[in-house]
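Okay, structure first, notes after.
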Amino acid sequence: MVKRRRYDPDRLFNPGGFRAFRKRYSRAEVVFSLVIAVLLLGILGWIVRRGHQVDPQLFASAPLTNRDQRKASADRGPLPSGLAAAGWREGPIAHFSAEKLYEKINGRADYFRSFFVKGLSFVSLSLSEASVDVELYDHGTVANAIGAYSGERESTAKTELSDGGLGHLSRNALFWVRGRFYIRAIGSDESPAVIAQLRHLRTVLDAKLPAGALPWAYQLLCKQLGFAIGQVSYLAKDAFSFDFAKGIYAARRLDNGEVFVAATKDPAAASALAGQFREGFLQYGVKAGSASGKAAVLIKDRYQSAFSAATAVGRLVVGVRAIPKAADAAKALNEIVEKARTISPEMIKDGAVPLLESKAKASSGSTSEEGSTGGEETY
């Protein structure tokens, strides 16, 4: 009599997992199993043998024909030739569309798309163990390129204007705008060789990429109100967290407040946009007086205890934001309203300050409370 095991509901393993319930196997089954085992062992031996006999030609670069060289040159896209300084080597060039940007810079693609990027071209330059990775973003317009740059610019960076380009050289990196292009070049270290390569790169970009003109708002904010280029940012959309605020130029004051300006298609549109700004500011604050001859309402933010306002000047919308003192906010708004009246429609359409006019350096350094640089040339 066979003794049956008591059923154990908590048993984890089948106690009879390796039991054979058949008393014998047929000769055909045994032969077939042995044949399969021999075949598998043979395949394994072939894989191991071939692994030790790699054809070196698999990893050899085929010599470039004249046609290949012409194709490689054509595939540079907007990247100019001569990027590598003496002794440096240029690696393969890769291009990424706006939709495929995540393949190269996953996590940052949406930032560049917020400035309407059209594509990215990438190349790595190397010298011994040093390297410089070059990213060239095509943003379609000078304003968008400046916007992408200003959003990444460190608060302590000194923005330089030189021969049709603007940007700054950091400890081991170059951030540069040339026409519609924004270039980020990141070095592997801070060695003299890397710094020399970055300076060479800037020279080549200025010489070979098409230049542009600073947008019209720089005429108002820099040339007339005295802000340095490094204090001005361009917000292509969702400025100040308002979904209606697009194409905004903002200049940061020393008190961390801002003055801003935007162009619309006509005075009616400007009045409507100024009204949207007022309603937006009122969501977080209350009315606290008037400014610019009672044309604008000062609004005090209930959380920051700072003052904001916006008004229309022709087809322009001008305003102030988050200025700590009401008197300073009113004074700054009065000043930008007065200067905005000098901006003509032709200036807005054609641009204001050609980059090639000046080689002056403009920094984000010391200014007065209203933004003036005390006479320093900043445009």
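The values are calculated or read from the model by the stated rules, or taken from the named source; none is laboratory data. Quantities reported herein were computed from a predicted structural model and do not represent experimental measurements. In this analysis, Cβ positions are derived from the backbone assuming ideal geometry, glycine residues included, and neighbour counts consider all displayed protein chains.
Given the criteria more than 18 Å from A145 (Cβ to Cβ) and surrounded by fewer than 22 Cβ atoms within 10 Å (Cβ to Cβ), does Q197 qualify? Break it down stepwise before answering.
On the way: more than 18 Å from A145 (Cβ to Cβ): yes; surrounded by fewer than 22 Cβ atoms within 10 Å (Cβ to Cβ): no.
Taking the combined requirement at face value, the residue does not satisfy it.
Please find, among I323, I299, I336, the residue that is surrounded by 16 or more Cβ atoms within 10 Å (Cβ to Cβ), closer than 17 Å to Y218 by Cβ and assigned by TED's automatic domain parsing to the domain that holds G247.
I336
Among the residues of the stretch 241-249, is any more than 21 Å from D138 (Cβ to Cβ) and charged (D, E, K, R)?
There is at least one residue in the stretch 241-249 that is more than 21 Å from D138 (Cβ to Cβ) and charged (D, E, K, R).
Just a yes or no: is a residue in the stretch 193-216 in the same structural domain as A306 (by TED's automatic domain parsing) and polar (S, T, N, Q)?
No.
Only one residue in D206, D189 is out of contact with any His (no Cβ under 6 Å at 6 or more places or on another chain), surrounded by fewer than 19 Cβ atoms within 10 Å (Cβ to Cβ) and part of a loop (DSSP other than H, G, I, E, B), so which one is that? If you could, list the steps in order and put the result at the bottom.
Details: D206 fails: part of a loop (DSSP other than H, G, I, E, B).
Every option except D189 fails the conditions.
Scan the stretch 114-128 and give yes if some residue there is touching a helix residue (DSSP H, G or I) at 6+ places or on another chain (Cβ under 8 Å), part of a helix (DSSP H, G or I) and free of Cβ contacts under 8 Å to residues at least 60 places away in the same chain, otherwise no.
no
Report yes if some residue within the stretch 149-159 is in contact with an Asp or Glu (Cβ under 7 Å, 6 or more places away or on another chain) and closer than 15 Å to I229 by Cα; otherwise report no.
For the stretch 149-159, residues in contact with an Asp or Glu (Cβ under 7 Å, 6 or more places away or on another chain) and closer than 15 Å to I229 by Cα: absent.
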